[in-house]
Structure formats: structure tokens, C-alpha cells
Amino acid sequence: MNIGITCYPTYGGSGVVATELGKSLAQRGHKVHFITYALPMRLTGLGNHDSEYIENIFYHEVEMSSYPLFEFPLYSMSLASKMVEVVRFEKLDILHAHYAIPHATSAVLAKQILRKDMHTDVRIITTLHGTDITLVGLEKSFEPLMKFSIECSDGVTAVSDYLRRETLNNYSVNKAIEVIPNFVDVEAFRPMDTSRFRKLLAPNQEKLLVHVSNFREVKRVKDAVRAFKIILDAGVKAKFLFVGDGPDRSECQALARELNIGQHTSFLGKQSELAAILSASDVFLIPSGNESFGLSALEAMACGVPVVSSDVGGLPELNIDGETGYVVPMGDVDTIAAKTLKLLVDQPLHDEMAAKALNRARVEFTKERLVPLYEQAYINALNAPSQ
């Protein structure tokens, strides 16, 4: 098949999954065209000096012009125009939009243009990742557009059953939605020998906690900082690695200094070698206020790290309470600290949960298991009447 993929190319779960999906599809013999405003962060092999060339992957940049008449960039329309161009000249079979707004909306517009002016049909698959449904789409002004974009798609998937239910309940969508969870490359994310790395990070054999996110308010990273204060006050020698960047990073650093634990924290910013950092860690904390899936938690599990997560969204579908880690009430800092302490002080318990986390990632959430589900979704869309 000849497949176009549109996603946000930035540091976030949806872009990571879309990119890894495209790479896997290319390795399975499909032609994959990324249509985005920048090269996706995990899309290697297109001239990067440190990566191998990946056959069958092509990149088409969405170019935006600035006109004095328009106060804001016309990204959705620029994207639709680029989609028309790529479908027409590259003979795409499928446009796979990651996020309903704005990507599926642009795909629907492109499809109408192609159908009317060029007598060309293309099928649209829309994958819902969360922010489009739980935040953007609930704005009253966007509800009709969200519903229209989903119902005009030829196939719709969601990354968790929670997100599928939220979509159906909030928008009264008359559309079947298939749940295809996010997946992890278990060859890239796996337990590694990081003894030398640990000596640098924890020279006094401290325990290592880790959090990875884009530091938005919804991630509630300050809850993790406050829980860490409780853990240190309990007498456990530990350090906390914060990976990623975003609007709340400076506030979290300020809070750590205010609580007098700044010397025990390291804010590492964006990192490309996540697997090594995760493998060196003892517990992964994800206290989010909303999380449609929790890809960063899955990557930690694939590295053999137990997870302490909040009980929101799709996290309980991924992190099994009492098996792969603990699921705690969102915002309950004391319980976050208590459950994390259990894993830090009880090594047999930690090792048992780490093994179960690793096994769950390697059995349930591999690309070998889940990428074929996307292929089948494409086939179903191609064989069904076009929307």
C-alpha cells in the first residue's frame, strides 16, 4: 500500500507512535509518506548522519506562507493542499491522520477536493490519541467539526478503550471505533547493562526514580516532586531524574529548591537515549491528571521498570495495579509516595513487579502484534464503500 501519515512531529506520544508505525510499515514493504510541518523527531534514516537509511519512507513538508491579511497561519488549509498534492502525484491509497482536529479535518477537505476536481478517491483512517477528544474537542465551537471529521473518516481507531468510550459518549458519534493500543519497539526499549551509568548518577548507590513528559500542567509533575520529598524524609537515599521539557519545568525546579531537595533532582531536558535512562531507574512515576494511554509508562515497562501511575484515563488498562506497579488516586501525593517507597525498600517485591512489567510490554504491546491491526484497518477501509 501507499500510505500518507500526518502527525505532530514534536516530543509527544502521538508523534512517537505515528513515526514508529510509519517505520514499521515501511519495513513491511509499504510506501510511507510523512506529511508534516517538520521532520518527526523519531524519524531517522532520512539523511541523519547517525542512522541507517530506511527504504520506502518519504517526507513532504507542509509549507506555510505569511500574508498581512491573515493574523494567524493557515495551517489546516496548507496541510489540506499538501495532502492533495501528495495523494495526486504519489498515488496514495490511505491518508492516516493522527488527531481528528486538525489532521483528519484537513484530510476530509483534501478528499473532497480530490474527488470533485480530480476524480481521485483516497481513504482516511483517523487515530484518536486523546488531546483532540478530551481537551480540544470539548470546546463547544469545535464539537461539530470533531464529529464531522470522525464520521467522514473511512476508519477510526483509538489508543485505549477509555478514549473510545469518551468519544462515543461526548460526541454521539455514529461510527465504529476500533481500539488499537500504542506499541513499543522492544528491541530499542529493553533492559540494558547500565552499571557505569548508574555509578555516575548514583555514586552512593542511591535509588533512582524517573519521570518523562512534556511538562504540561495535565502531567502534574509537581505531585511527583512533592511525593519525592516524602520519600527522602522517610530516610531513603534516592535521586529523581526528570526527562523532557515544557511550560511547567521551571516551576517544578523551583518547587524542588523550595522543598530543599533540589540537590537530589536532575532535570535532564529532552533526551534521545531514553532506554538507557529508563533501564538505570528503579521506579517510573506518572501522576497525570489525564492520560489517554501513557506511552512513556509503556517504554519504562519494556525496560523492566515498575510504574506508579494515577488512576485516570487509559493508565489502568496499561499498568495493572499490584502486578506491574501501582495505580493510585490522582492527586494523592501521600499514596504516590507510600507505594513508591514499597518498591524502593522491598527488593523482592520490586523485582517481581519489574519482571511482570517487562513481560506485559513484550507480550501485549509489541509492534509485531499491533502494526498488523493497522494494516487490517487500511484493508477494511479500502474494501468498504468510501465515506
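Every number here is computed from the coordinates shown, using simple stated rules; none is lab data. The structure displayed is predicted, hence computed values, not measured ones. Note: ideal-geometry Cβ built from the backbone for every residue, glycine included; neighbour counts use all protein chains shown.
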Exercise. By counting other Cβ atoms within 10 Å of each Cβ, how are Ser250, Ser106 ranked from fewest to most?
Worked result: Ser250, Ser106
Problem set entry | Total lysine pairs under 30 Å (Cα atoms) in the range 170-305, excluding pairs fewer than 8 apart on one chain | 25
For this session: Any chance you could list the semi-axes, whole Å, largest first, of the equivalent ellipsoid that the Cα gyration tensor gives for the range 195-364, using √(5λ)?
Result: 21, 18, 16
Seminar exercise, completed: About its Cα centre, the chain carries a charge dipole, from +1 on Lys and Arg Cβ atoms and -1 on Asp and Glu Cβ atoms, whose size in debye to the nearest 20 is 220 debye
Problem set entry | In sequence order, calculated HN-Hα J values of the range 300-315 (Karplus, 6.51, -1.76, 1.60; Hz; x Gly/Pro) | 5, 4, 5, 9, x, 10, x, 10, 10, 10, 6, 9, 9, x, x, 4
Seminar exercise, completed: Sorted by chain and then number, the residues having a modelled amide H within less than 5 Å of the amide H of Gly313, at least 5 places away or on another chain, are Glu291
Exercise. When the helix-only estimate is applied to the chain (DSSP H runs of n ≥ 4, each -39,500 (n - 2.57), divided by the residue count), what is the mean residue ellipticity at 222 nm, nearest 500 deg cm²/dmol?
Worked result: -12500 deg cm²/dmol
Exercise. Near the amide H of Ile5, under 5 Å away, which other amide H atoms are found, from residues 5 or more places off or on another chain, if H is placed in the peptide plane?
Worked result: His33, Phe34, Ile35, His96
Exercise. Which percent of Cα pairs goes in each bin when the distances of the chain are cut into 20 angstrom slices starting at zero?
Worked result: 28, 54, 17, 0
Seminar exercise, completed: Non-local residues with an amide H under 5 Å from the amide H of Val156, with H modelled 1.01 Å from N and Pro and chain starts lacking one, are Thr126, Glu178
